[in-house]
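Values quoted throughout were computed directly from the atomic coordinates according to the rules given, and no laboratory measurement underlies them. Keep in mind the model is a prediction, meaning the values are calculated, not measured. Neighbour counts run over all protein chains shown; Cβ positions are idealised from the backbone, glycine included.
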Amino acid sequence: MAYTVLARRYRPEGFDSLVGQKSVADTLRNAIRMQRIGHAYLFSGPRGVGKTSAARIFAKALNCETGTRPDPCLACETCRAIAKGTAVDIIEIDAASNNSVDDVRELRESAGYSPLRAPYKIFIIDEVHMVSRAGFNALLKILEEPPAHVVFIFATTEPQKLPETILSRCQRFDFKPIGEEDIARRLDQILSEEAISMDSEAVRLLARYAGGGLRDAQSCLDQLITYAAGSRIEARHLAELLGLLGEDELVNALEQAARGDLAGVLAFAAGLRGRRLRAGDVLDQLQRLLLVLLRMKHLGPAAGGTDIPPALKERCQRYADEQSSEGFLAALELVQQGRNSLQRGLDPATTLELALLNLAHLKTLPTLSELMGMMVGGKKKSSAS
C-alpha cells in the first residue's frame, strides 16, 4: 500500500482540529448557526496554515447529510467524500493552471447548474491571485448575482494581487502564522499516534523552523523520521538534516563572542563549514536568540525566556545581564547586515564567519554616544582652527 505523508494523514477534519485559527473557526461556525452564509469568502494567509483545510471543513458543515450545522458529523458519505476530494458538488480548482478567461467561463456555466447531491455547490479556488485580469472580469458578474445554491471560497497567499472589485465582494478571513507552541503541541500528538520518540528540544526547534506553517513542520517531521530510521529523534538530527544548530551551540558562540575569544569564534566558524548548514538559517537562529535574550534582560527569565530550554536558562540570563541594551541592538544590526550580504549573493560560509567575527569585535567598536562625542569634538577643533 502506498505511503500517505503525515501532512495528509493528519489533515484537520473538523473545526476543532484546525490548529491556531480559532477566530476563523468560530466565525464560520457562527455564520452557520445564525444562518448568515455568504456567497463568497476569501481565505488569505501564509502557506501551510490551514486555508484549504478550513475551506473543506466549511464545505462539510454546509453539505453534511445530517443537515447544515456548525460541526459536521464527519461520518456521512458526503463528509467522507469531501475529505477524500471526490465530492461531486465540491469543485476544487488550482488557479495556477486554470486561470484563463475560458476557464472562468466554464466555471460560470457549471455554477448555473444545481448541485447533484447536496444543498450547496461549492467552488474552492486555490491560489486565486493567479487568475488573469480577463478571468477576474469574467468572474465579476456571477459574484455580483450568484445563484442561491453557490458558495465561492477563494484561497491565496497574496491577497494584495486581487482586484478591489473582487475583494469588495468577499468576506475576508486572514489566517495568521501558527504559533510555535501550537505547532509543537500538534507535533507531539502526531508523534504519540505514530509511536515515535523525539526530544522535546528537537520538537521545539522543528516548530520554530517551520516559521508558522504546520504543513512545513509535518513535512520536515516526515523527513526526520526517515532519517532517524527508527531511533529516537534528537536535536543533532535536525542539525544534520535541516541545517539547524542546537541552542546550546548558539549560546556557546555568543558567549565566545562576548569574551572577544577570536580563536574560539574562528574554530566554531570553521566547524560550521564542514556541516550541512545554511548560513541564512544560522543567522536567523542567532537573530531570534538575541531578541529572546534582550527580552530576558528587561523582563526577566519568567516572562522573557519562555522559549529557552530550562537547562540553558541560567546561562542565558547571566549573558543577558552582562550585556547592555545598546550592545544587543548593535549585535542585531550586525546579524541583519549578514542577512543582507547573503541576499546580495556573497559566499554564505564567509558571510557567516564575518558576522561572527564582527560580534566578537563588538565591544571594541565605539558606542553611538561616543561617536556623537567624536563628531562634536571634531567640530570644535574645526571651529578653533
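Once the Cβ-Cβ distance between Glu145 and Val101 is put in as r, and R0 is 25 Å, what FRET efficiency do you end up with, to the nearest 0.05?
0.85
Rounded to the nearest 10 degrees, what's the angle between the helix 51-63 long axis and the longest principal axis of the chain, both from Cα atoms, 0 to 90?
For 51-63 against the chain, the angle is about 30 degrees.
Step through the residues of the stretch 6-12 one at a time and calculate ³J(HN,Hα) from phi using the Karplus curve (6.51 cos²θ - 1.76 cosθ + 1.60, θ = phi - 60°), rounding each to whole Hz and writing x for Gly and Pro.
Result, ordered by residue: 4, 4, 8, 5, 10, 5, x Hz.
In the stretch 271-289, which residues have a backbone nitrogen under 12 Å from the label point lying 7 Å from Asn252's Cα in the Cα-to-Cβ direction?
271-272
Taking θ = phi - 60°, what integer Hz values does the Karplus form 6.51 cos²θ - 1.76 cosθ + 1.60 yield along the stretch 86-100, in sequence order, with x for Gly and Pro?
Per-residue couplings from phi come out as 10, 6, 5, 9, 10, 9, 9, 10, 9, 5, 5, 10, 9, 10, 7 Hz.
Taking a point 7 angstrom from the Cα of Ala195 along the C-beta vector, which residues in the stretch 214-241 have backbone N less than 16 Å away?
It comes to 230-232, nothing else.
How far is it, in nm, from the label point at Ser110 to the one at Gln171 when both lie 7 Å from their Cα along the line to the Cβ?
In this crude label model, Ser110 to Gln171 measures out at 2.3 nm.
Roughly how many Å is it from the Cα centre of the stretch 147-184 to that of the stretch 301-358, as a whole number?
If you average the Cα positions of each part, the centres end up 35 Å apart.
Principal axis extents for the chain, Cα atoms only, whole Å, descending order, please.
In descending order, the Cα extents are 85, 62, 37 Å.
Using only the Cα atoms, work out Rg/Rh for the stretch 1-113, with Rh taken as the Kirkwood radius, to two decimals.
Looking at the stretch 1-113, the ratio lands at 0.97.
Using a basic spin-label model with each label point 7 Å from the Cα along Cα→Cβ, how many nm lie between Asp188 and His361?
Roughly 4.5 nm, to one decimal.
Given Cβ point charges of +1 (Lys, Arg) and -1 (Asp, Glu) and nothing else, what value in debye, to the nearest 20, does the dipole of the stretch 180-242 about its Cα centre take?
60 debye
Ranked from highest to lowest mean number of other Cβ atoms within 10 Å per residue, what is the order of the peptides 174-181, 148-155?
148-155, 174-181
If one takes the longest principal axis of the Cα atoms in the chain, at what angle in degrees, from 0 to 90 and to the nearest 10, does the Cα axis of helix 368-384 lie?
60 degrees
If you average the alpha carbon positions of the stretch 187-210 and of the stretch 93-141, how far apart do those two centres end up, in angstrom?
The two parts, judged by their Cα centres, are 39 Å apart.
Which value, in debye to the nearest 20, gives the size of the charge dipole of the chain about its Cα centre, when Lys and Arg are +1 and Asp and Glu are -1 at the Cβ?
640 debye
Considering amide H positions built from the backbone, and no H for Pro or chain starts, which residues 5 or more places from Ala40, or on another chain, come under 5 Å of its amide H?
Phe152, Gln171
Would you please give the residues with an amide H less than 5 Å from that of Ile93, counting only those at least 5 places away or on a separate chain, with H modeled from the backbone geometry?
Amide H neighbours of Ile93, under 5 Å, 5+ apart: Ile124, Ile125, Asp126.
Given R₀ = 51 Å, what would the calculated FRET efficiency be for Ser231 paired with Gln35, taking r from the Cβ atoms and rounding to 0.05?
0.40
Return the calculated 222 nm mean residue ellipticity for the chain, to the nearest 500 deg cm²/dmol, obtained by summing -39500 (n - 2.57) across DSSP H runs with n ≥ 4 and dividing by the residue count.
After summing the helix terms and dividing by residue count, I get -18500 deg cm²/dmol.
What is the set of long-range amide H partners of Leu244 at a cut-off below 5 Å, with H atoms built 1.01 Å from backbone N?
Here Ala239 satisfy the definition.
So, R0 is 51 Å and r is the distance between the beta-carbons of Ala75 and Arg259; what FRET efficiency does that work out to, to 0.05?
Step by step, r from the Cβ atoms, then E = 0.25.
Measuring from label point to label point, each 7 Å out along Cα→Cβ, what is the Ser324 to Asp307 span in nm?
Between Ser324 and Asp307, the simple spin-label model gives 2.6 nm.
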